[in-house]
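Enquirer: I am attaching a structure below and will ask some questions about it afterwards.
Values in this text are rule-based calculations from the coordinates and carry no lab data. Quick caveat, the model's predicted, so the values are computed rather than measured. Note: ideal-geometry Cβ built from the backbone for every residue, glycine included; neighbour counts use all protein chains shown.
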Amino acid sequence: MDGRRIGGAAGHFGRQVRKERLARGWSLTELGQRTGIDPAHLGRIENGRRPPTEKIALACDAAFPQRHGWFSEFYAESRDWPEVPASFKNWPEYEDRAGKLCDWSPSIVTGLLQTEGYARALTSTLPGVTPDTLTARVAGRMQRQRRVLLRDDPPHAWFVVDELSLYREVGSAQVMAAQMRHLIEVAAMPTATIQVLPPIAHPVNASGFLLADDSAWVEHVVGGFTYTEREIVSGLALKFDTLRAESYRASETLRLVERLERQWTATGGRAPTPMPTEGTA
């Protein structure tokens, strides 16, 4: 494997090590002295020619404490991501430093807002998913929520939620009632805003996307891509503003979700019937 570059998570890990080392003006030799790792091996890690180990991840956390354990977390999560698109493994770099996030997901509640029960029920619908992969995927999603929304300096997160996703039963009525309660809790956070988009015609039916300052992640049925080109990101920002302009106000959204929480709790397994498009019913 000496001459073969390793992409995906290992390549991203190496790029992060190199970025932090160069930001401090350290040579590989100096980083080796600080971590106790052979400089030549560190060079292969940085160049993506060797995958990291738990020992190396822990050493990098010690050398770069301002990353708050990122290297160990990324190493642990990436080992259990066989079905996550390789491009999404790079997305946390943009998400972690963002001051503002904008999130739209058609048809389902977006990953950053899912409860564990909802995430498990949704992920279990993947054809051929194994119990180990299911557990790892759900754990990774919960960890991502904590890393993004509950960090010391969380971004202002703006979520546009598809109203139809609130009526689509995922798991059970009990799972959906808990999901509604979680949306209410997140909406009360000072750094989060949730608006529901009613079931009307709009320009972003085919895919979900995330905006993190000047970067974007766009997802479709077989994968996704990270974009940093100004024209693409600004175009998506305009589309997000269009969705937001057609959405219920935050106060109307809250009343709608509270009503649905009561209905999912009382339905006895039947999905609530959608009300006329008004958001205040």
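Enquirer: Cross-chain or 8 or more residues apart, Cα under 23 Å: how many lysine pairs in the chain fit that? Count them up, please.
Expert: Here the count comes out as 6.
Enquirer: With an 8 Å Cα cut-off and a minimum separation of 6 or more residues, compute the relative contact order for the chain in percent.
Expert: 17
Enquirer: I need the phi-derived Karplus couplings for the range 240-253: 6.51 cos²θ - 1.76 cosθ + 1.60, θ = phi - 60°, integer Hz, Gly and Pro marked x.
Expert: 5, 4, 5, 4, 5, 5, 8, 8, 5, 5, 4, 5, 5, 4
Enquirer: Using label points projected 7 Å from each Cα along Cα→Cβ, tell me how many nm separate Arg67 and Ala266, to one decimal.
Expert: Result for the modelled spin labels: 5.2 nm.
Enquirer: Rounded, prolate or oblate: which fits the range 87-185 when a ≥ b ≥ c are the square roots of the eigenvalues of the alpha-carbon gyration tensor, with rounded for a/c under 1.5 and prolate only if a/b beats b/c?
Expert: Cα axes put the range 87-185 in the oblate bin.
Enquirer: Same structure, new question: With θ set to phi - 60°, apply the Karplus curve 6.51 cos²θ - 1.76 cosθ + 1.60 along the range 39-45 and write out the HN-Hα couplings as whole Hz, x wherever there is a Gly or Pro.
Expert: Here the 3J(HN,Hα) series is x, 5, 5, 4, x, 5, 4 Hz.
Enquirer: When DSSP assigns beta bridges and you keep just the ones with both residues in the chain, what percent turn out antiparallel, to the nearest 5?
Expert: 55
Enquirer: Let me know the longest stretch in the chain that avoids all trypsin sites (Lys or Arg not before Pro) found in a DSSP loop with at most 14 other C-beta atoms within 10 Å.
Expert: It works out to 169-248.
Enquirer: Please report Asp152, Asp103 as a ranked list, fewest other C-beta atoms within 10 angstrom at the top and most at the bottom.
Expert: Asp152, Asp103
Enquirer: Ok, one more. Check which residues have an amide H placed less than 5 Å from Ala157's amide H, if you skip close sequence neighbours.
Expert: It is Leu101, Ala192, Thr193, by chain and number.
Enquirer: For labels at Ala76 and Arg97 in the simple 7 Å Cα→Cβ model, what's the distance in nm?
Expert: Label-label distance for Ala76 and Arg97, simple model: 2.5 nm.
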